[in-house]
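Have a look at this one before I ask anything.
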Amino acid sequence: MNSDHVLAVRAYDTFAALCFGAAAAVAAWLVVPNGVVMPLAMVLGMTVGFLSAFPLLAVFTYILGGFEIIVMSMQIGMVAGMVGVMSGGDGWMAVATVGALVGATVHALLYLTDRILHGEVLGS
Amino acid sequence: MTDRAIAKWNRAAASLDAGKRGEEVRYGAFKRELFGKAVGKTLLVAAGTGVDFKYFPSDIELTAIDFSPTMLEWAEKRVGECPAPIELVEADVTDLAFPDGHFDTVVTSCTFCSVPDPLKGLGELRRVLKDDGALLMFEHVRPSNFYLGFMMDVMNPIARLVGPDINRRTADNLRAAGFRLTREFNVYLDMVKLFEAVKA
């Protein structure tokens, strides 16, 4: 990839992370009923968030897929789903914003981990 | 190879290129660098729809195999993209008809995530590879990170219904099959890797 392609792919991945996070948080917020004890709500939120990532995963994979998209969809879906049910009932826009922030954070952590691991392990 | 596995990859052929488009953009340069090292008689295992043909150098004789006849029909359309002369053969990597020590180079590209018995397949590759030959692999494997590895283990039963296994320990399998790793390169996390190996 040339530098233009690298930037375009990074922008695409970041956009995907924001979408995964927002969608997972809103889905969990909508599906998990109020009043469920918090530990159970968190587990349900993770599950709903994880499952809600699949349709988006199919779309983002079709456009410009890769293992980066697969891994982030799983991780962001779970964390954003959990955070979605914890963030209360301030409206779907607020929940989506929190989810998108979670998506951006998880994406950044995965990116940093990749930069640490990337390269020669053995040989040259 | 089971009829079920062949049927699964026959079905997957039509949609494989859609998922590969992003992978070509992301990983194409790594494949070009690795597959450019092929010399002499070269075996490409699991040619799929032929998206990797363009990465090979022109001065080799390429034999591309796949156990899925539908994949080979798609690959036929891409023969012109290969700079080298190429022969497509329907064959199962766990039961190759080639003689011992027939190839100078063996290349795999996201192959050993799909072979039901990877040790048997790698054993066959070792058999058909010359003693001074090289095995070049672009593969995705189980990440060493505990959490990500666990996630791949959990997801694997779902993933293998429609596609490949996502938790293969290919480096360990290579050693168990009698290869010695000469190079290991992390492309994405420690999940997408380049391997270069020779007979141990």
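Can you say whether residue B:137 is under 27 Å from residue B:36 (Cβ atoms) and either within 14 Å of chain A (Cβ to nearest Cβ) or of a type outside the set (A, V, I, L, M, F, W, C) (or both), as far as the supplied structure shows?
Yes, satisfied.
For the stretch B:145-200, what are the residues that are at pLDDT below 95, surrounded by 15 or more Cβ atoms within 10 Å (Cβ to Cβ) and of a type in the set (Asp, Glu)?
B:165, B:190
While we're here: When you go through B:66, B:59, B:95 one by one, which is the residue that is more than 14 Å from the chain's Cα centre (by Cα), under 27 Å from residue B:161 (Cβ atoms) and among the acidic types (Asp, Glu)?
Result of the check over B:66, B:59, B:95: B:95.
What number of residues within the stretch B:119-136 are in a helix (DSSP H, G or I) and either more than 15 Å from the chain's Cα centre (by Cα) or surrounded by fewer than 23 Cβ atoms within 10 Å (Cβ to Cβ) (or both)?
7
Another one. Whether any residue in the stretch A:103-119 is more than 14 Å from chain B (Cβ to nearest Cβ) and more than 24 Å from residue B:149 (Cβ to Cβ) is what I want to check.
The answer is yes, given that some residue of the stretch A:103-119 is more than 14 Å from chain B (Cβ to nearest Cβ) and more than 24 Å from residue B:149 (Cβ to Cβ).
Looking at the structure I just gave you, is residue B:139 under 12 Å from residue B:45 (Cβ atoms) and part of a helix (DSSP H, G or I)?
no
The values are calculated or read from the model by the stated rules, or taken from the named source; none is laboratory data. For clarity, every value in this text was computed on a predicted model and none was experimentally measured. FYI the Cβ positions are ideal-geometry reconstructions off the backbone, even for glycines, and counts take in every protein chain you see.
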